[in-house]
Amino acid sequence: MKKILLTGSQGFIGSYICNELLSKGYKVVGVDNFQKYGKVTRAHDTHPNFKLYNIDVLSDNFLEIVDLEKPNMIIAGAAMIGGISYFHKFAYDLLATNERILAQTFDAAILAHKKGYLERIIVLSSSMVFEEALVYPTPESAIKNTPPPSSTYGFQKLASEYFAKGAWEQYQLPYSIIRPFNCVGIGEDDSITEHEVTSGNIKLMMSHVLPDLVNKALKGQDPLHILGEGNQVRCYTNGKDLARGIRLVIESEEAINEDFNISTPVATSVLELAQVIWKNINPDKPFRYNVDVPYEYDVQKRIPNVEKAKKILNFETEIHLEESVNEVINYLKNK
């Protein structure tokens, strides 16, 4: 039974990863300091094969924990992360803090690999590395010719990929790079550090478009407020699909020293998403919307090419957008 250490295990994506790995018989060691949401309870917390260390990755104890647990792989998931308003409020901290977290994680991984028990590090990058993409759908190979991201968050995620390449070049630490595209699902809450922004007369929720639009529709906002013209295109990938893709990367020898776009290939505009949400919540009311001023880093288009994941990992997403929308609506209704 392989043991995986996951930093950021109690976060939104981290929780999906834990549930997927535990359901497939892995042992999972979580490391999380609850910095984003505060103390939360997750479904995987009580699983017999899960152990949680409530510490900051930047703590001196982190290196000791890695050596004590001797994981076969480390998933580098811990980071300061938030919605689009977060990118503005923490423009410097996103870069500085996340670089420190990565350096500490890689230091531990390099040492563990030297000692012989760590096989590989899995880096969770981001679709934001393709903020300035020139080709759509965007293949993994486009990273070589894509201009650097304009946001500090996107730039830092690109740096995470260079950490992996540098650790391989100098220390022969095997790696895999995963770029999730617009993860959606349940279990995401307001960050305790997110500042309040209103959209119409309702507080912007987490600055992520799906829960934000669902929240406003549930509260009766009419017309519905959207950021920008609504023609921004995203590929909304359910957390369960994303976690399954990450597991397949872990299990594939062909994924060593490779990068993967893990995403649905289905592109949906914000306006199309808003209409799906509205029809679900208000089936008998006409859809109307108002346009709010968008944020600077509201990238207009992110569409991945997913053929590499299909070919090497035999990975394709299974959960349709309507199912994800229903899931988020039911979750927010019952909060």
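Brief remarks follow.
- The one condition in (1) open to solvent by 40 Å² or more (accessible area, probe 1.4 Å); (2) more than 27 Å from the chain's Cα centre (by Cα) that Asn305 fails to fulfil: (2)
- Given (1) open to solvent by 40 Å² or more (accessible area, probe 1.4 Å); (2) touching a Ser or Thr at 6+ places or on another chain (Cβ under 7 Å); (3) modelled with pLDDT of 95 or more; (4) not acidic (Asp, Glu), number of the condition Gln275 does not satisfy: (2)
- Every listed requirement among (1) of a type in the set (Asp, Glu); (2) part of a strand (DSSP E or B); (3) surrounded by fewer than 15 Cβ atoms within 10 Å (Cβ to Cβ) is met by Asp259 save one, (3).
- Within segment 297-314, the only residue that satisfies the criterion of being within 21 Å of Arg244 (Cβ to Cβ) and assigned to a strand (DSSP E or B) is Pro304.
- Pairs are defined by a Cβ separation below 9 Å, a sequence spacing of at least 6 or placement on different chains, a first member in segment 129-158 that is open to solvent by less than 30 Å² (accessible area, probe 1.4 Å), and a second member that is modelled with pLDDT under 95 and basic (Lys, Arg); the pairs so defined are Phe130/Arg302; Glu131/Arg302; Ala133/Lys301; Ala133/Arg302; Thr138/Arg302.
- Residues located in segment 286-296, provided they are in a loop (DSSP other than H, G, I, E, B) and β-branched (Val, Ile, Thr): Val293
- Complete set of residues in segment 26-62 that are within 14 Å of Thr105 (Cβ to Cβ), open to solvent by 30 Å² or more (accessible area, probe 1.4 Å) and in a strand (DSSP E or B): Tyr53
- Flag if Thr317 is of a type in the set (Ser, Thr, Tyr), assigned to a loop (DSSP other than H, G, I, E, B), under 21 Å from Asn19 (Cα atoms) and open to solvent by 30 Å² or more (accessible area, probe 1.4 Å): yes
- Among the conditions (1) at negative phi; (2) modelled with pLDDT of 95 or more; (3) open to solvent by 60 Å² or more (accessible area, probe 1.4 Å), Val291 misses just one, which is (2).
- Contact annotation: residue pairs with Cβ atoms under 9 Å, 6 or more positions apart or on different chains, pairing a residue in segment 215-228 that is in contact (Cβ under 8 Å) with a residue 60 or more places away in the chain and part of a loop (DSSP other than H, G, I, E, B) with a partner that is open to solvent by 10 Å² or more (accessible area, probe 1.4 Å) and among the small types (Gly, Ala, Ser), are Pro223/Gly200.
- Restricting Phe106, Phe163 to those that are closer than 20 Å to Ile250 by Cα, open to solvent by less than 10 Å² (accessible area, probe 1.4 Å) and part of a helix (DSSP H, G or I) reduces the list to Phe106.
- Here Tyr331 passes the criteria (1) assigned to a loop (DSSP other than H, G, I, E, B); (2) modelled with pLDDT under 95; (3) surrounded by fewer than 17 Cβ atoms within 10 Å (Cβ to Cβ) except the one numbered (1).
- Pairs, first closer than 14 Å to Phe181 by Cα in segment 301-316, second open to solvent by 50 Å² or more (accessible area, probe 1.4 Å) and part of a loop (DSSP other than H, G, I, E, B), C-beta under 6 Å, six or more apart: Ile303/Tyr136; Ile303/Pro137; Pro304/Pro137; Asn305/Pro137; Val306/Pro265
The values are calculated or read from the model by the stated rules, or taken from the named source; none is laboratory data. Worth saying up front: this structure is predicted, and the values here are computed from it rather than measured. Cβ coordinates were reconstructed from backbone atoms using ideal geometry, including for glycine residues, and neighbour counts include every protein chain displayed. Ligands, DNA and RNA are stripped out before the accessible areas are found, and what is left, the full protein with its side chains, is counted by its heavy atoms. Shrake-Rupley method; radii C 1.70, N 1.55, O 1.52, S 1.80 Å.
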